[in-house]
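Encoded as structure tokens, the structure appears first; notes follow it.
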Amino acid sequence: MDYFKLLALQQMKLRREAMEKSYPKERECKLRKRKQQLLEEKRDLLVLEEKLRFHAAEIQTLQRNRQQTEQDISRMNSSLYEGDHSPKELQTIQHRLEGLETALQQQKEQCDENNAQACNRRQELRERRDALVERMNDYESKVEEYLAERGRLVEKLRQLDEQIEQFVRKLERSEREFFDKETERYGVEVFSALKKGRFCSSCNVLLESEVLSAVKEGRPGTRCTNCGRMILNVNDDNSDQ
């Protein structure tokens, strides 16, 4: 059995595992959170628009009341000079006029105040809408970047899966069965290597002298007494990774 060939398979699977871990899940979570924030801002703007419509209706009502009061004052002024009124009637009309003029002044002040508030709210709405549009554009740009990056990673994974599949097809049945059995026990990292010439690269344990000698002599099936993995004598450049 060619253990070094199976080691190459292990390295491909480890590379795939590392690529999967590099999948931008954190960015995806941040983008989802950002999308939720933008939707909440949009809902807030819709609420503000509804308040503005309600406020505009209130202003129209005040303006109609003001116009009605002005008409009432005009009729009362006309009635002062029409017909023959007694002093008591004139006094009553005068009191009513004073009350109407007071009411008219209050209505004017209320209209002015409401118009000023409506103007400020409209300006706030425009500014917030413009800012939201800018943030939405930025969000969409980041989504495009994320999708492109994810697409590149998915394509690399697909190509690597094809390589692994082709590699596995070329293995002997016994080699495939051995690798699958070891994978069930140890995970993807089936084999260990010498680390710095005397350590197991998987569990970092200092190897016993007998084990170390067997590995360096290339005896097949030599295992680490601590983690149980088979140890292969590969060069330090590969084993340190």
**Only Lys, Arg (+1) and Asp, Glu (-1) charged, at Cβ; the chain dipole about Cα centre in debye** = 1220
**Message:** Using 20 Å as the Cα-Cα cut-off, could you pick out the over-long pairs in Lys156/Lys195; Lys33/Lys142; Lys13/Lys181; Lys170/Lys195; Lys33/Lys156?
**Reply:** Lys156/Lys195; Lys170/Lys195; Lys33/Lys156
**Fill in**
Out of Val168, Gly187, Ser209 - ranked by how far each Cα lies towards the positive end of the dipole of region 99-241, with unit charges on the beta-carbon of charged residues - the top one is Ser209
**Prompt:** Assigning unit charges at the beta carbon (Lys, Arg +1; Asp, Glu -1) and nothing else, what dipole magnitude in debye, to the nearest 20, does region 190-239 show about its Cα centre?
**Reply:** 80
**Request:** Amide H neighbours of Ser192 under 5 Å, at least 5 residues apart or on other chains, H built in the peptide plane: list them.
**Result:** Met230, Ile231, Leu232
**Request:** Report the calculated FRET efficiency for Val133 and Leu157 (r = Cβ-Cβ distance, R0 = 41 Å), to the nearest 0.05.
**Result:** 0.70
**Prompt:** In whole Å, what is the distance between the alpha-carbon centres of region 152-215 and region 1-26?
**Reply:** 9
**Asked** What is region 83-241 by shape, rounded, prolate or oblate, if you read a ≥ b ≥ c off the alpha carbon gyration tensor as root eigenvalues and call it rounded for a/c under 1.5, prolate for a/b larger than b/c, and oblate otherwise?
**Response** prolate
**Message:** At a 10 Å Cβ-Cβ cut-off, how would you order Lys13, Lys108, fewest neighbours first?
**Reply:** Lys108, Lys13
**Request:** Only Cα pairs under 8 Å and at least 6 apart count here; give the relative contact order of the chain as a rounded whole percent.
**Result:** 25
**Request:** May I ask for log10 I(q)/I(0) of region 22-169 at q = 0.16 Å⁻¹, from a Debye sum over the Cα atoms as equal point scatterers with solvent left out?
**Result:** -0.95
**Asked** Hey, what's the per residue convex hull volume over the C-alpha atoms of region 190-239, in cubic angstrom?
**Response** 62
**Prompt:** Quick one: if you stick a label point 7 Å off each Cα along the C-beta vector at Lys196 and Arg53, how many nm between them?
**Reply:** 7.3
**Neighbourhood net charge (11 Å Cβ-Cβ; Lys/Arg +1, Asp/Glu -1) for Ala131** = -2
**Message:** If I fit a long axis through the Cα atoms of helix 87-169 and take the longest principal axis of the Cα atoms of the chain, what angle between them do I get, 0 to 90°, rounded to 10?
**Reply:** 10
**Charge dipole of region 22-169 about the Cα centre (unit charges at C-beta), most positive-ward option of Ala118, Gln63, Tyr146** = Tyr146
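FYI, it's all coordinate maths here, none of it is from the lab. On a predicted model such as this, the values are computed, not experimentally measured, just so you know. As a convention, Cβ positions derive from the backbone with ideal geometry for all residues, glycine included, and neighbour counts pool all protein chains shown.
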